[in-house]
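Here the structure comes first, spelled out in structure tokens, and everything after it is commentary.
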Amino acid sequence: MCSYIAEGRLFKKCRHFVRLQVVAMLDCGSRLCELSIQHPKSCKNRSCTNYLGKEIQKPIVTYDEFCWACQSTGHAVAA
């Protein structure tokens, strides 16, 4: 399965990743993946994969704290 490569913020205390942007798509190279460049345009196979794999997360900024969602819901206090 093909996957997005995303850049974002990583919050160390809760391990949450907040995506800022998708910078690329990693091609899986499979002829059975509709999102791959290797998939034939004329393919009529209904069993071909047409969804993305797990996003590849690339932290460009790292914070040694809880994310805003955890802070606002009180999870940061409980931990």
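We did not get these values from a lab; they are worked out from the coordinates using the rules stated. The shown structure was predicted, so the numbers you read here are calculated from the model rather than taken from an experiment. Neighbour counts run over all protein chains shown; Cβ positions are idealised from the backbone, glycine included.
For the stretch 5-26, which residues satisfy the criterion of being of a type in the set (A, V, I, L, M), crowded, with 17+ Cβ neighbours inside 10 Å and either closer than 13 Å to residue 62 by Cβ or more than 10 Å from the chain's Cα centre (by Cα) (or both)? Matches in the stretch 5-26: 10 only.
Please verify whether the stretch 53-68 includes one or more residues that are of a type in the set (S, T, N, Q), surrounded by 10 or more Cβ atoms within 10 Å (Cβ to Cβ) and part of a loop (DSSP other than H, G, I, E, B). Within the stretch 53-68 (the criterion being of a type in the set (S, T, N, Q), surrounded by 10 or more Cβ atoms within 10 Å (Cβ to Cβ) and part of a loop (DSSP other than H, G, I, E, B)), the answer is no, since none of the residues qualifies. Restricted to the stretch 1-56, and to residues there that are touching a residue at least 12 places away in the same chain (Cβ under 8 Å) and among the β-branched types (Val, Ile, Thr), the residue that is farthest from residue 71 (Cα to Cα) is 49. For the stretch 30-64, taking the residues that are small (Gly, Ala, Ser) and under 18 Å from the mean Cα position of the chain (by Cα), the one that is nearest to residue 74 (Cα to Cα) is identified as 53. For residue 2, the conditions (1) closer than 30 Å to residue 72 by Cβ; (2) within 12 Å of the chain's Cα centre (by Cα) all hold with the exception of (1).
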